[in-house]
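Notes for the one structure printed next.
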Amino acid sequence: MQSEYCILGVAVGGALFGVVQSHVQTVSLIDPTDPPTDMHDRTLICRELGPMLGGPPHQGAGRRHALIIALRRRSVALLIDRVDSLHLENQSEIQMLAPLLAQRLARPWFIGAVIYQDAPLLLLDLRRIATDVMIGAV
């Protein structure tokens, strides 16, 4: 999968994952106890991304970084610890996960991996995660 894209680094529960920036409508700071509305004046569905990926729940209250994913009917805010733009050497090509590995994952939430700082970085499928959150599958 070779194309022009920007990868964002998303830190959740001490782990780093990548996301394709074009899959994110907005990166915001929000208060999950008083979630804002989306562009259609609908309340955002807020969920912690870390525990869905096997990490510990976030400790503390207050404003959080959120990746806003727009779906057809609603928008989902995936709460994270930190987000940064990543500099990938030579605009790495996204490598698909091998079928054996993909079949062993608990959820099909990864679109592949890229090389970042000489190590593989898993890329999250934010649209799939947001859809699962919206329909109540997680």
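Structure notes:
- Scanning the range 120-138 for residues that are surrounded by 13 or more Cβ atoms within 10 Å (Cβ to Cβ) and not hydrophobic (A, V, I, L, M, F, W, C) gives Pro120, Asp125, Arg127, Arg128, Thr131, Asp132.
- Number of positions in the range 103-136 that are within 27 Å of Arg72 (Cα to Cα) and at pLDDT below 90: 4
- For the range 48-89, the strands (runs of 3 or more DSSP E) that sit wholly inside it and include 1 or more residues that are over 22 Å from Leu121 (Cα atoms) and polar (S, T, N, Q) are 75-80.
- Checked against (1) at positive phi; (2) loosely packed, with under 15 Cβ neighbours inside 10 Å, Gly112 passes all but a single condition, namely (2).
Residue by residue, here is whether (1) touching a Leu at 6+ places or on another chain (Cβ under 6 Å); (2) surrounded by fewer than 17 Cβ atoms within 10 Å (Cβ to Cβ); (3) among the charged types (D, E, K, R) holds:
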residue: Ile69; (1), (2), (3): yes, no, no
residue: Leu86; (1), (2), (3): no, no, no
residue: Gln95; (1), (2), (3): no, yes, no
residue: Asp118; (1), (2), (3): no, yes, yes
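The values are calculated or read from the model by the stated rules, or taken from the named source; none is laboratory data. Owing to the predicted nature of the structure, the values given are computational and were not obtained by experimental measurement. Don't worry about glycine lacking a Cβ; one is built from the backbone with ideal geometry, like all the others, and counts go over all protein chains shown.
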